[in-house]
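**Q** I'd like to ask some things about the structure below.
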Ligand code: HEC
Ligand code: HEC
């Protein structure tokens, strides 16, 4: 099921080339999404229902995709050694490094993934991500704000969202 959807998405990708400013994580407008997929879905510590660690979740969990829930923010937290880091926390704030107002806190699940369908003002508003380990002892932050919640679009390969060394 997954593989065939993936193949479908890849086959449609060239059609997007005429778009003046193609957004890499948007699906094709022609994709017919089942309205029953528009559920609220928020990750929680200990949950293990997610999948696709490291992948761009919004490729599918979006208005023109097949994934349940339209994610406003989603990605994967990694440890310093690159392995997925379970049960941490991701904060979106109005200032860097845990400062400013907290706009949304998202618990990281048991697979290292985090996701939420909570409304966020992306891309009109940009927010500063700060991430914490499961025990809260380690944190890392993005020094400038992001106007996209699709963290894994930029944080791919060896550049995953990650915690510092213990
Ligand atoms: C290639 C498309 C695709 C990508 C990429 C993808 N998903 Fe999914 N996801 C799906 C589909 C389709 C389902 C429902 C069927 C299934 O579970 O396989 C699903 C199911 C889920 C579920 C379970 C929902 C439920 O109610 O049981 C969660 C949670 C989830 N995805 C999170 C994520 C996260 C987090 C990412 C990124 C790290 C991600 N997905 C990437 C397509 C995708
Ligand atoms: C548009 C691309 C982009 C998006 C989207 C993005 N980031 Fe970043 N992020 C970067 C870049 C580039 C850096 C490196 C900044 C530097 O090192 O000066 C970075 C740095 C970070 C760091 C610090 C990394 C380190 O090793 O020091 C964290 C943590 C982080 N981002 C988390 C997130 C989270 C969480 C999200 C999603 C809410 C996100 N980022 C979305 C581009 C992005």
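**Q** Of (1) farther than 28 Å from residue 28 by Cβ; (2) surrounded by fewer than 22 Cβ atoms within 10 Å (Cβ to Cβ); (3) within 11 Å of ligand 1 (Cβ to nearest atom), residue 108 satisfies all except one. Which?
**A** Of (1) farther than 28 Å from residue 28 by Cβ; (2) surrounded by fewer than 22 Cβ atoms within 10 Å (Cβ to Cβ); (3) within 11 Å of ligand 1 (Cβ to nearest atom), only one is false for residue 108: (2).
**Q** Answer yes if at least one residue in the range 76-96 is in contact (Cβ under 8 Å) with a residue 60 or more places away in the chain, part of a loop (DSSP other than H, G, I, E, B) and within 22 Å of residue 28 (Cβ to Cβ), and no otherwise.
**A** Looking for residues that are in contact (Cβ under 8 Å) with a residue 60 or more places away in the chain, part of a loop (DSSP other than H, G, I, E, B) and within 22 Å of residue 28 (Cβ to Cβ), one finds none in the range 76-96, hence no.
**Q** Then there is this: What tally of residues in the range 135-166 results from selecting those that are more than 7 Å from ligand 2 (Cβ to nearest atom) and buried (at least 17 other Cβ atoms within 10 Å of the Cβ)?
**A** 4
**Q** Looking only at the range 46-75, which residues are more than 21 Å from residue 121 (Cα to Cα) and within 16 Å of ligand 2 (Cβ to nearest atom)?
**A** Listed by number, the residues that qualify are 50, 52, 53, 54, 55.
**Q** Being at pLDDT below 95, assigned to a loop (DSSP other than H, G, I, E, B) and within 17 Å of the chain's Cα centre (by Cα) is the requirement here; does residue 30 meet it?
**A** No.
**Q** Could you tell me which residue of the range 14-27 is surrounded by the most Cβ atoms within 10 Å (Cβ to Cβ), considering only residues that are closer than 15 Å to residue 70 by Cβ and either in contact with a strand residue (DSSP E or B) (Cβ under 8 Å, 6 or more places away or on another chain) or at pLDDT below 50 (or both)?
**A** 25
**Q** Just checking, how many residues over the range 121-134 are buried (at least 18 other Cβ atoms within 10 Å of the Cβ), within 11 Å of ligand 2 (Cβ to nearest atom) and part of a loop (DSSP other than H, G, I, E, B)?
**A** 0
**Q** When residues of the range 76-94 are filtered for being away from ligand 2 (no atom under 14 Å from the Cβ) and within 20 Å of residue 147 (Cα to Cα), how many remain?
**A** 0
**Q** A follow-up question, please. I'd like to check something: does the range 91-109 contain any residue that is at positive phi and under 14 Å from the mean Cα position of the chain (by Cα)?
**A** Among the residues of the range 91-109, not one is at positive phi and under 14 Å from the mean Cα position of the chain (by Cα), which makes the answer no.
**Q** May I pose another question? Considering each residue of the range 143-166, count those that are farther than 18 Å from residue 120 by Cα and either free of Cβ contacts under 8 Å to residues at least 12 places away in the same chain or assigned to a loop (DSSP other than H, G, I, E, B) (or both), and give that number.
**A** Result for the range 143-166: 11.
**Q** When you go through 101, 97 one by one, which is the residue that is surrounded by fewer than 16 Cβ atoms within 10 Å (Cβ to Cβ), more than 13 Å from ligand 2 (Cβ to nearest atom) and either within 30 Å of residue 35 (Cβ to Cβ) or modelled with pLDDT of 95 or more (or both)?
**A** 101
The values are calculated or read from the model by the stated rules, or taken from the named source; none is laboratory data. Worth saying up front: this structure is predicted, and the values here are computed from it rather than measured. Ideal geometry is used to build each Cβ from the backbone, glycine not excepted, and the neighbour counts take in all protein chains shown.
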